[in-house]
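One structure is given here, and the rest of the page talks about it.
The values are calculated or read from the model by the stated rules, or taken from the named source; none is laboratory data. Because the structure is predicted, anything quoted here is derived from the model rather than measured. In this analysis, Cβ positions are derived from the backbone assuming ideal geometry, glycine residues included, and neighbour counts consider all displayed protein chains.
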Amino acid sequence: MTAKTVVKSGRTIQEAVQLAIEELNTDLNSVKIDILEEPGRGLLGLIGNKPGKVRVTLKNTPADVVKEFLDNVLRHMGIEGRITVQEKEDNILYIEIKGQNMGILIGRRGQTLDAIQYITSLVVSKKFKDQHYRVIVDTENYRKKREETLVKLAKNLARKAIRFKRNVSLEPMSPYERRIIHSALQDEQGVTTTSEGEEPYRKVIIKLNRK
């Protein structure tokens, strides 16, 4: 995505910048300013004969970067979708994709969606190195439905571990899904959780608390 740029002149640098940000409909925190020419004194020392000139460029936001990247991903997958990005508290970027045939985007047990989320997170991290964003990519409310399923699974397996007095190993999951399991059982009496193994085969182990 090419950032939008305007060049403006004014009697002062401040005036030129103000004209630029008004045209871009933004604020100073969202732009990069390059001074092209300083205001100069004209004939007989008069001020203002030579105006100041600036180039003001609208910075790409995380939403801009995400939309451009995912537009390309969907196009290469042959999927038509509408992408919306919400920047929530704690630097969470919630990305929702709407369209037809979203099952292709989700994949088996969400594996395709997880892969897209992971790569999108890498793209954002590379672009905004000074800020840590947590990226969540969702479609058809899949994340919420999957979270509900995983929480129920975690509770059932915790009861199983207690009943049979042995540890229970879950199938390999993405970091996002493992986090849901850990969170669901963090206050569960009688068990603790840990992650073991190497990616992409890392999995959660529900361990019985032994006295």
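Whether any residue in the stretch 83-94 is surrounded by 12 or more Cβ atoms within 10 Å (Cβ to Cβ) and out of contact with any strand residue (DSSP E or B) (no Cβ under 7 Å at 6 or more places or on another chain) is what I want to check. No, the stretch 83-94 contains no residue that is surrounded by 12 or more Cβ atoms within 10 Å (Cβ to Cβ) and out of contact with any strand residue (DSSP E or B) (no Cβ under 7 Å at 6 or more places or on another chain). For the stretch 128-184, a residue qualifies if it is more than 26 Å from the chain's Cα centre (by Cα) and either among the acidic types (D, E) or not assigned by TED's automatic domain parsing to the domain that holds S195 (or both), and exactly one does: E171.
Filtering Q117, Q111 for residues that are touching a strand residue (DSSP E or B) at 6+ places or on another chain (Cβ under 6 Å) and either of a type outside the set (D, E) or loosely packed, with under 15 Cβ neighbours inside 10 Å (or both) leaves a single hit, Q117.
Those strands (runs of 3 or more DSSP E) of the stretch 1-97 in which at least 2 residues are within 30 Å of Q117 (Cβ to Cβ), out of contact with any Pro (no Cβ under 6 Å at 6 or more places or on another chain) and at pLDDT 90 or above, considering only elements entirely within it, cover 81-88. Identify, please: which residue in the stretch 95-108 is of a type in the set (A, V, I, L, M) and farther than 12 Å from L70 by Cβ and is, among those, surrounded by the most Cβ atoms within 10 Å (Cβ to Cβ)? If we take residues in the stretch 95-108 being of a type in the set (A, V, I, L, M) and farther than 12 Å from L70 by Cβ, then I106 is surrounded by the most Cβ atoms within 10 Å (Cβ to Cβ). None of R109, R146, R166 is within 30 Å of G190 (Cα to Cα), charged (D, E, K, R), in a helix (DSSP H, G or I) and touching a residue at least 24 places away in the same chain (Cβ under 8 Å) except R146.
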